[in-house]
Amino acid sequence: MRHDLVAIKKQIVKALPPGLVVTEHDERGHWYRINDKEAGSPLYPSVTGKLQILKDEGLANWKMARALEYIFANFHTFTNDNIMDHIGKAERVSADIFEAAGDIGTFIHGVRELIFNTWIATGERPKVLYPFIDEHIKQEEEKGRGGLVKDLRAVSAIAALEKFCTDYHYQPIACELMVYSHKWQVAGMLDDLGLMRVEKRKGDPSCEHDIIEAQKQNIDRCVKCDAKWEWALVVIDMKTSNRFKDHFYFQVGMYWRMFVDLTGLRPQHCFIVKLSKENRTYSLEELKRPGTIARYANNLLRVNEGMEMIKSIRKDNQRRVVNL
């Protein structure tokens, strides 16, 4: 028989009831309080923050390229009096780009969350997704976070999201689910958990498939050719960044592992879905062997602990005056 959505949701709520994990973000970064009295209600840092040990050499080169672009574009205006001001602007140009990208990325994530939570609550896919952009702006204004406007980049990303949901018959089960690990002493936000129809066998590419839906198994088949699809429980991480970064894999792998350990449910697939802010398309990349990736990520966390220890030792050393 098909996946029992009611049973899956009950299992998730039993393992992760409302209020068990709450955010306590501050100027130092993102933090999560785990209200587990037996564990001492610990405060854990975010997975993303802990994985910052991964240095992206391409990112450094990109920042340098943006600074050089500014210098070449404005070199004719340089004088002895304003040269330091120009150098400062060249240094900030990449940060300004990232800030703008972060703002629109957060906005798109908020719209997606509103769409999926509405879908989950009603049990029905909204017929049109674009109105949720205006609704998100309205809700943010009611919370005192005004100044948002409809952005064509958001329209493109939501169109891409709609296409993804249609192509893969995606059905959300949970959205923005906070997960954690006492073993690893980290926590984070799993973007989406849902069901999607994944191709298992292509069949005849010229066939206009006549599909028999699964009755006893989570498999759909075409009666005209040998095409086959699996209805799979999947972890989805939505991205709107223009660049694909390797540490996405470690991040999602750890979310998958923490979700499995906490709930006992085992999603068959992990996907990173990149929504285009420009041409209303999406790209899909499967994260295979998430358990193995999570183990590698755990090693990175241990290296991060070592780096923090070294920083502490060096800080202590710098306080001492050594007389030779």
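Details
- Stretch in the chain that is longest and holds no chymotrypsin sites (Phe, Trp or Tyr not before Pro) that DSSP places in a loop and that have at most 15 other beta carbons within 10 Å: 79-243
- Linear extension gain, L20 paired with Q217, 0.36 nm per residue minus alpha-carbon span: 67.5 nm
- Ranked by solvent-accessible area (1.4 Å probe, protein heavy atoms only, all chains present), the residues M307, M258 order from largest to smallest as M307, M258.
- When the chain is described by a simple charge dipole with +1 on each Lys and Arg Cβ and -1 on each Asp and Glu Cβ, the residue from H136, G88, G203 located farthest towards its positive end is G203.
- Ordered from highest to lowest accessible area with the whole protein assembly present and a 1.4 Å probe, E305, E135 read as E305, E135.
- Each residue of the stretch 138-152 is assigned a 3J(HN,Hα), and the resulting list reads 4, 5, 5, 5, 5, 8, x, 10, x, x, 7, 10, 5, 10, 4 Hz, derived from the Karplus form 6.51 cos²θ - 1.76 cosθ + 1.60 (θ = phi - 60°), x at Gly and Pro.
- Percent of Cα-Cα distances greater than 17 Å, calculated over the stretch 119-243: 71
- Computed over the Cα atoms of the stretch 147-188, pair by distinct pair, the Kirkwood hydrodynamic radius stands at 13.5 angstrom.
- FRET efficiency, K10 to N299 (Cβ-Cβ, R0 35 Å, nearest 0.05): 0.50
- Lys/Arg +1, Asp/Glu -1 at C-beta; the chain dipole; positive extreme among Y249, G264, I71: G264
- The amide H of E176, built 1.01 Å from its N in the peptide plane, has D192 as neighbours under 5 Å, considering only residues 5 or more places off or on other chains.
- Binned Cα-Cα distance frequencies in the chain - 10 Å width, integer %: 5, 20, 29, 25, 13, 6, 2, 1, 0
- Cβ charges +1 (Lys, Arg) and -1 (Asp, Glu), total dipole of the chain, debye: 1020
- Cleavage-rule hits, GluC sites (Glu not before Pro), the stretch 181-236, DSSP coil, Cβ neighbours within 10 Å at most 12: E208, E213
- Solvent exposure ordering (accessible area, 1.4 Å, most first) of M84, M196: M84, M196
- Taking every alpha-carbon pair under 8 Å whose residues sit at least 6 apart, the stretch 139-249 reaches a relative contact order of 20 percent.
- Filtered trypsin sites (Lys or Arg not before Pro), the stretch 103-170: DSSP coil and at most 13 other beta carbons within 10 Å: K127, K143, R145, K150
- Here is the list for the stretch 18-50: GluC sites (Glu not before Pro) lying in DSSP coil, each with at most 11 other C-beta atoms within 10 angstrom of its C-beta, are E24, E27.
- Modelled spin labels at E176 and L152, positioned 7 Å past Cα toward Cβ, are 2.8 nm from each other.
- Degrees separating the helix 247-263 axis from the principal Cα axis of the chain, which is the longest one: 50
- HN-Hα J in Hz across the stretch 222-227 - Karplus 6.51, -1.76, 1.60, θ = phi - 60°, x for Gly and Pro: 8, 7, 9, 9, 9, 5
- Accessible area of M309 (1.4 Å probe, protein heavy atoms only, ligands and nucleic acids ignored): about 110 Å².
The values are calculated or read from the model by the stated rules, or taken from the named source; none is laboratory data. Please read these numbers as outputs of a predicted model, since none were measured by experiment. When we count neighbours, we look across all protein chains shown, and the Cβ atoms used for this are built from the backbone with ideal geometry, even at glycine. Side chains are part of the model used for accessible areas, which takes the heavy atoms of the whole protein and leaves out ligands, DNA and RNA. Shrake-Rupley method; radii C 1.70, N 1.55, O 1.52, S 1.80 Å.
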